[in-house]
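Participant: Input: one structure, supplied below.
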Amino acid sequence: MSKFVVKEIRHLMGKGIHTREMLKDGDHVLVAVSGGKDSLSLLWLLKERIKRVPIEYRITAAHVDPGFGADSAGHLESFFSDHGFDYKITKGDMGPKAHGPDNKENPCFLCSRLRRKVLFETAAGLGCNKIAFGHHKDDVIETFFLNVFYGASISTMKPVQEFFEGALTVIRPLYMTPEDIIRRYARIMDFPEIDLGCPTAGSSKREEVKKMLHHFYRTNKKIKGNIFHALHNVQKDYLL
């Protein structure tokens, strides 16, 4: 079973990279690592993939400690150092700031935006032309519903997205990979569980959407695939 999971996640990530032409010879990729299973899996898979592809690219791991006091920076610095990763760690206070009294409605959005700003600045400082995020297939689907419910827009995260007139490109190599496969892979690899200390973890709007979708997934195993394919099959003539 473990061999199947490893083979499957390599295949799905490789397919995502190839289909969207995410990586090219000479790329320097900043891999955003929050400390969760998704980003740690992405970091590991991108490193081992270098040995198996006919192009050369560099990766640098980057972590932004949001400042909740859980010392995710210290834990990840040990992980990066022990496994020979080039890395950059930044400590900030965007977590408590986003959870302040003036931003009770959606602290996750602000915290994420502030951390992403730091990652963009880090990429520019290190000369990285790409940033890789560990968002997976379930994230793509959940983001679609979040944007419909709370953003009043028909949109989701893109597998490849250029910024600053193409100077920096965001890639999501795991966008075709279901969360369950990543969870099983991370368990096989025995990755550490690194807590950011977020006081609202597990109670966000994303978690509400996730629970709603899981209810439908249990009733029909085709629903997840149908939603994902629907995002590739937009009938603009039948939208207002």
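The values are calculated or read from the model by the stated rules, or taken from the named source; none is laboratory data. Nothing here was measured: the structure is a model prediction, and the numbers come from that model. Quick reminder, even Gly has a Cβ in these numbers, built from the backbone with ideal geometry, and neighbours come from all protein chains shown.
Participant: Within the range 196-240, restricting attention to residues that are within 30 Å of residue 97 (Cβ to Cβ), in a loop (DSSP other than H, G, I, E, B) and in contact with a helix residue (DSSP H, G or I) (Cβ under 7 Å, 6 or more places away or on another chain), which residue is modelled with the highest pLDDT?
Facilitator: Among those residues, the one meeting the criterion is 196.
Participant: Continuing with this model, one more query. Residues of the range 54-82 being loosely packed, with under 14 Cβ neighbours inside 10 Å and touching a residue at least 12 places away in the same chain (Cβ under 8 Å), which ones?
Facilitator: 55, 56, 69
Participant: Quick check on residue 34: is it assigned to a loop (DSSP other than H, G, I, E, B), crowded, with 17+ Cβ neighbours inside 10 Å and among the polar types (S, T, N, Q)?
Facilitator: Yes: the conditions hold for residue 34.
Participant: On to the next question. Restricting to the range 150-193, what's the tally of residues that are in contact with a helix residue (DSSP H, G or I) (Cβ under 7 Å, 6 or more places away or on another chain) and either within 23 Å of residue 217 (Cβ to Cβ) or surrounded by fewer than 20 Cβ atoms within 10 Å (Cβ to Cβ) (or both)? Steps first, please.
Facilitator: If we filter the range 150-193 for residues that are in contact with a helix residue (DSSP H, G or I) (Cβ under 7 Å, 6 or more places away or on another chain), which is where we start, we get 150, 153-157, 159, 168, 173-179, 181-186, 188-189, 191-192.
Then drop every residue that is not either within 23 Å of residue 217 (Cβ to Cβ) or surrounded by fewer than 20 Cβ atoms within 10 Å (Cβ to Cβ) (or both), which leaves 150, 153-157, 159, 168, 174-179, 181-186, 188-189, 191-192.
So the answer is 24.
Participant: Separate question: Consider only pairs whose beta carbons are under 9 Å apart and that are at least six residues apart or on different chains; among these, list those whose first residue lies in the range 15-44 and is more than 25 Å from residue 166 (Cβ to Cβ) and whose second residue is acidic (Asp, Glu).
Facilitator: Short answer, once both residue conditions are applied: 35/193; 35/195; 36/193; 37/179; 37/193; 38/139; 38/179.
Participant: Can you give me the number of residues within the range 134-156 that are under 18 Å from residue 172 (Cβ atoms), not in a loop (DSSP other than H, G, I, E, B) and not basic (Lys, Arg)?
Facilitator: Matching residues across the range 134-156 total 10.
Participant: Of the numbered conditions (1) at pLDDT 95 or above; (2) farther than 25 Å from residue 60 by Cα; (3) part of a helix (DSSP H, G or I); (4) more than 17 Å from the chain's Cα centre (by Cα), residue 121 fails exactly one; give the number of that condition.
Facilitator: (2)
Participant: Is at least one residue of the range 96-104 in contact with a Pro (Cβ under 6 Å, 6 or more places away or on another chain), in a helix (DSSP H, G or I), crowded, with 18+ Cβ neighbours inside 10 Å and of a type in the set (A, V, I, L, M)?
Facilitator: Of the residues in the range 96-104, the ones in contact with a Pro (Cβ under 6 Å, 6 or more places away or on another chain) are 98-99.
Within this subset, residues satisfying the condition of being in a helix (DSSP H, G or I) are 98.
Next, only the ones that are crowded, with 18+ Cβ neighbours inside 10 Å stay: 98.
Keeping just the survivors that are of a type in the set (A, V, I, L, M) gives 98.
Yes, because at least one residue in the range 96-104 is in contact with a Pro (Cβ under 6 Å, 6 or more places away or on another chain), in a helix (DSSP H, G or I), crowded, with 18+ Cβ neighbours inside 10 Å and of a type in the set (A, V, I, L, M).
Participant: Considering each of 69, 84 in turn, give the residue that is at pLDDT below 95 and not acidic (Asp, Glu).
Facilitator: 69
Participant: Starting from the range 209-234, keep only residues that are hydroxyl-bearing (Ser, Thr, Tyr), then list their pairs with residues that are modelled with pLDDT of 95 or more whose Cβ atoms are within a distance under 6 Å, requiring at least 6 positions of separation or different chains.
Facilitator: Going by the 6 Å Cβ cut-off, the qualifying pairs are 217/223; 217/224.
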